[in-house]
2 protein chains.
Amino acid sequence: MTEPQTPDTAPSTGSVKKHGRDGKSNATIYDIAKLAGVNASTVSRALSKPGRVSSKTQKLIEDAAAQLNYQVNPFARALPTGKTNTFGLIVADITNPTFFDIIRGAETTATSRDYTLVLAESAESPATELTAARRLMATVDGLILASPRMDDDNIRALAQDKPVVVINREVEGVPCVVPDVNKGISEAIRSMAANGHQRIAFVAGPPQSWMSERRWEGVQAACEWSRLEAVRLESSKPTVDGGRQTARDVRASGATAVMTYNDLLAIGLMQELQAAGMVVPDDISIIGFDDIFGADFTTPPLTTVRSPLGECGEAAATRLLDFLHGSGEQAGTLSVETELVLRGSSGRILPAK
Amino acid sequence: MTEPQTPDTAPSTGSVKKHGRDGKSNATIYDIAKLAGVNASTVSRALSKPGRVSSKTQKLIEDAAAQLNYQVNPFARALPTGKTNTFGLIVADITNPTFFDIIRGAETTATSRDYTLVLAESAESPATELTAARRLMATVDGLILASPRMDDDNIRALAQDKPVVVINREVEGVPCVVPDVNKGISEAIRSMAANGHQRIAFVAGPPQSWMSERRWEGVQAACEWSRLEAVRLESSKPTVDGGRQTARDVRASGATAVMTYNDLLAIGLMQELQAAGMVVPDDISIIGFDDIFGADFTTPPLTTVRSPLGECGEAAATRLLDFLHGSGEQAGTLSVETELVLRGSSGRILPAK
DNA sequence: CAATTCATGGCAACCGGTTGACAAAACGAG
DNA sequence: CTCGTTTTGTCAACCGGTTGCCATGAATTG
């Protein structure tokens, strides 16, 4: 017998089972192995490598597993494989309803493919975002960045480590899911033109927002095409409050129609203009972006360019998972369509009576 | 020298490093140990047991760790300790804005205490909820259930396994965080009474909702106290759509003021009543519950009983983490205050002209 | 019937930390 | 200067799976 170097199971440490688990919870593959009269590695194979063991043994093991109501220990599994069946989603601001649908889309997809979603927030700060991303990197198989605020380079660096999918922004060399604003914007601008507007104001979003620039470019292009004049205004922050604060500039701009970087701004702006006695859309038309939850609660309901945010979340998660499973390798950008949702806040301007 | 049983580092397996990591990413404590000239276990202690190693060695190790930009492998750590620095949050419906603030509160608290938040959704189904909970249980240190739909017994069973905190429901023997509806409700009912209303309708939420019952009881009690009549109506689902569908019943009820189980119902109800030509609040007063995002977008803005949802999320996370760190052991219910937010949708009824 | 292939299960090393037990070194006291 | 105590670091076992390699026996083939 080769005794020297085999401490093996013999000592068996009659010592206290230190973890003193609650009693039932945790069966291990070793327990199953004992019960089924096979080796633990066979159990492992039966449970994860379909077809690797005979169907007889398979059944034996499955029964034993069921009897002990076994559940794999994800950590034990993750340690040697490096796979966690988990992915991360980082959003700029959890309270911003824009992200609700994205979160939901990602969560649903994750769960349906047996993945777990880990959520983190960057509070609109590039630094926080990067920290959160690094933190998550250690525990997830992949990462989705929704409207990231950090540099392209940082994103690429992350993408080198683990699969990354970006939503709402285009980053060279990294798979992205981006609403193509052009369709929605041109519908909107055409509608404005048809209603006789001549001068369109665009209220921009945060300077780091890639999407804000795209929207502004889209508005410019569409206005040029329709021979309308486009003026750009800035906002302090992309919230209802920020929208209120832009009311002054909007009135000063002389525009009869306004598009805003997002719905929140539009809602704030509308509230403030109405409070000042203006009538929407008779005095001024307002068009938002995204069609967030609540956009139709306003009076009049908000006309807006809808981004299919839920779809974005789903698509991003799907791309990520496909990638993890070795299918879709392409790193390009996936475009999703936007469309104009015509509600009450836009229309023909009434001639001053 | 004691050679017999020390295979130790010698073999060093010149074989391919199978994981072939990307290059820089992953230093292990063994790398640090080698660099610092100490044993790996010393490194482990230096990094997690403050004061266990001499400050000289400590420094040595920290420098080496910094140089290799070491990051602990959470799985390797979780395996022997069972601690994951992660907790789960299960909500009934991710798209329901009621939960946005809860999620945000929990996420913020988690991050600030160096925990990671894992999010799951039950889609309002007790079965899905239980499955999700079980799934999460394996990977988290604790669980927060927001407005759970499953049985008390199931919740208690989970709580036996790992720390659980419940939001928006009271479960005997499990720590809970629950808005105390009474203050807000009595303020609301008193305000109704002061405005001359006599008959109040309450539109209830889902039958499994514990909170819906509490609110109905609160309304009944407050009405009794103010000598008003309370009638109860049912809703099909606690959404804007569900609210629209109750409009019929509301009108039939003869009530001049309505409280709804939540804001969504109130908003839908208001939309439908307005569409039918009624004026809020001149013809009927509407009061919602929760003060969700968007409740003030409506015209008139919605009067509502605010539940401090963000606080609930925070408080639940805090309780959970305190518990995990051995401080707060008490299993009672933590009440948070509700208050009436008086906006435009409630007021004195105008006598039919 | 012998030779070869193939399906199956076992062995043991490994993933990267943690930790109890213990030995060596440092320290303090008598 | 010696002995007991405390500090500091090492050893090796463990957490619970995964997987390359090998031995066995059955099935296939010449």
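Hey, can you tell me all the residues within segment A:65-88 that are within 16 Å of DNA strand C (Cβ to nearest atom), within 20 Å of residue B:134 (Cβ to Cβ) and of a type in the set (Gly, Ala, Ser)?
Listed by number, the residues that qualify are A:65, A:76, A:78.
Out of all the residues in segment A:89-106, is one or more surrounded by 22 or more Cβ atoms within 10 Å (Cβ to Cβ) and within 16 Å of DNA strand C (Cβ to nearest atom)?
Looking through segment A:89-106, none of the residues is surrounded by 22 or more Cβ atoms within 10 Å (Cβ to Cβ) and within 16 Å of DNA strand C (Cβ to nearest atom).
So which of A:280, A:341 is in contact with a strand residue (DSSP E or B) (Cβ under 9 Å, 6 or more places away or on another chain) and not assigned by TED's automatic domain parsing to the domain that holds residue A:187?
It is A:341.
Test residue B:124 against the stated conditions and say whether it is among the acidic types (Asp, Glu) and either on the phi > 0 side of the Ramachandran plot or without any contact (Cβ under 8 Å) to a residue 24 or more places away in the chain (or both).
So residue B:124 passes the test.
Of all residues in segment A:95-144, count the ones that are in a helix (DSSP H, G or I), more than 10 Å from chain B (Cβ to nearest Cβ) and under 15 Å from the mean Cα position of the chain (by Cα).
Here the count works out to 5.
Got a sec? Which helices (runs of 4 or more DSSP H) wholly within segment B:168-282 have at least 1 residues that are of a type in the set (Asp, Glu) and surrounded by 24 or more Cβ atoms within 10 Å (Cβ to Cβ)?
B:263-275
Out of segment A:156-167, which residues are in a helix (DSSP H, G or I) and either in contact (Cβ under 8 Å) with a residue 12 or more places away in the chain or in contact with an Asp or Glu (Cβ under 6 Å, 6 or more places away or on another chain) (or both)?
A:156, A:158, A:159, A:161
Just to verify a result, which residue in segment B:145-167, among those that are under 30 Å from residue B:250 (Cβ atoms) and modelled with pLDDT under 95, is surrounded by the most Cβ atoms within 10 Å (Cβ to Cβ)?
B:148
Results for (1) outside any strand (DSSP E or B); (2) near DNA strand D (Cβ under 8 Å from one of its atoms); (3) surrounded by fewer than 17 Cβ atoms within 10 Å (Cβ to Cβ); (4) away from chain A (no Cβ under 14 Å), shown as yes or no for each residue.
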site: B:38; (1), (2), (3), (4): yes, yes, no, yes
site: B:44; (1), (2), (3), (4): yes, yes, no, yes
site: B:52; (1), (2), (3), (4): yes, yes, yes, yes
site: B:65; (1), (2), (3), (4): yes, no, no, yes
site: B:70; (1), (2), (3), (4): yes, no, no, no
site: B:76; (1), (2), (3), (4): yes, yes, yes, no
site: B:80; (1), (2), (3), (4): yes, yes, yes, no
site: B:84; (1), (2), (3), (4): yes, no, no, no
site: B:87; (1), (2), (3), (4): no, no, no, no
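Residue check: is residue B:286 more than 25 Å from residue A:295 (Cα to Cα) and among the aliphatic types (A, V, I, L, M)?
It is false that residue B:286 is more than 25 Å from residue A:295 (Cα to Cα) and among the aliphatic types (A, V, I, L, M).
Which residue, of A:116, A:131, A:28, is touching a residue at least 24 places away in the same chain (Cβ under 8 Å) and either exposed (fewer than 15 other Cβ atoms within 10 Å of the Cβ) or away from DNA strand D (no atom under 12 Å from the Cβ) (or both)?
Unique residue meeting the criteria: A:116.
Among the residues of segment B:283-314, which ones are hydrophobic (A, V, I, L, M, F, W, C) and open to solvent by 20 Å² or more (accessible area, probe 1.4 Å)?
B:293
The values are calculated or read from the model by the stated rules, or taken from the named source; none is laboratory data. Worth saying up front: this structure is predicted, and the values here are computed from it rather than measured. Every residue, glycine as well, gets a Cβ built from its backbone with ideal geometry; the counts of neighbours run over all protein chains shown. All accessible areas refer to the heavy atoms of the entire protein, side chains included, with ligands and DNA or RNA removed. Shrake-Rupley method; radii C 1.70, N 1.55, O 1.52, S 1.80 Å.
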